[in-house]
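What follows is a single structure, written as structure tokens, with notes after it.
Rule-based calculations on the coordinates, nothing more; no lab input. None of these values were measured; they are calculated from a predicted model. Here Cβ is always computed from backbone atoms with ideal geometry, including for glycine, and neighbour counts include all displayed protein chains.
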Amino acid sequence: MADRRLQVFHAVAKQRSFTRAAEALFMTQPAVTFQIRQLEEQYRTRLFERRTGDVALTPAGELVFSYAERILALNDELDTRLAELSGEVSGQLLIGASTTIGETLLPQLLGEFDALYPRVRARLIVGNSETIASRVAERTLDIGAIDVESALPGLDSTACGEEELIVICAPDHPLAKSSRVSPRTLVGYEYISREPGSGTRACIETYFRESRFSVEDLKTQMELGSPESLKRVVASGLGFAIVARAACEIECRLGTLVAIQLNPVLRRRLFLIQSADRFRSRLVTTFFEFARRRLGEMQS
């Protein structure tokens, strides 16, 4: 029911970018620009100051934004309450997940949820933890599942289990015969890293700092944006990587990769995140409780 132009305006204001707002809304940039232009014509004022690299709200834009937040929140609540009159758990659910969780844990979990609630239309968006947290905070996702606790304001984080991170390397790599390996040993070998913004990378950086080393001590050969590309590079023998154990089970069974436990053991917590002040529908609450329980069981 809310004016689409107001939704587009809200996304641009949150993203501080027409391009990023278009990506979040699955629109083209010209379509976003057109919607903003129409809104500015309606209010007969400029809402954004265009700057190099980003945009900023004008004083009029700040006023519109404060009302847009409330209008869109009430619109979501109205749609949800009307849908819930039927007594069924149904509707569209937008879920975000960090790359590792999205590729290893969420497919099974979503399959189980669909079997219980066939009238729910779930859509899974996969990105690094930083991206998912930002989109939940911007309310373009209902729930996020990430592998590092977010420091963004306005988010509620709930721990829902933990998983182990391990070293992987090619079968002919010098580390392959080790049963356990320490940070001190790893700094002598070429390292394949995840990209900035990755929860896995943040966890590894903390681990090395606590071991009195720094990631700068590692011989980083390249940074890659997904576990799949990282595993392929490691299998080629270029270096070692550190990944979630669940992310490399198939390759280790096939013998294309070797898994080595870290010493001391490295574990990280998994988190479900929601916007702190967004209305939570029966659908969102039902999925949240289901995911919290199942993610804990899957990692126990």
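The table below gives the values:
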item: Efficiency of FRET between residue 58 and residue 123 - r from beta-carbon atoms, R0 30 angstrom, step 0.05; result: 0.35
item: Point-to-point label distance, residue 85-residue 70, nm (Cα→Cβ direction, 7 Å offset); result: 2.5
item: Selected from 270, 110, 218, residue furthest toward positive end of dipole (the chain; charges at beta carbon); result: 218
item: Mean separation of Cα contacts under 8 Å (6+ apart) over length of region 1-68, as relative contact order %; result: 33
item: FRET efficiency, 1/(1 + (r/R0)^6) with R0 45 Å, evaluated for residue 45 and residue 112 via beta carbons; result: 0.35
item: Rg/Rh (Cα only; Kirkwood hydrodynamic radius) as it applies to the chain; result: 1.04
item: Mean Cα-pair separation over length for the chain, i.e. relative contact order, pairs under 8 Å, 6 or more apart, %; result: 22
item: Spin-label pair residue 156/residue 269, simplified geometry with 7 Å Cα→Cβ offset, distance in nm; result: 1.6
item: Peptide ranges 242-248, 170-176 listed from the most packed, as the mean C-beta count within 10 angstrom indicates; result: 242-248, 170-176
item: Calculated [θ] (222 nm, deg cm²/dmol) that DSSP helices of n ≥ 4 give over the chain, each run adding -39,500 (n - 2.57); result: -13500 deg cm²/dmol
item: Length released on extending from residue 31 to residue 290, taking residue separation times 0.36 nm less the Cα-Cα span; result: 89.5 nm
item: q = 0.11, 0.13, 0.16, 0.19 Å⁻¹, region 27-112: log10 I(q)/I(0) [Debye, one scatterer per Cα]; result: -0.59, -0.77, -0.93, -0.99
item: Label point distance in nm, residue 209-residue 185, each placed 7 Å from Cα along Cα→Cβ; result: 2.6
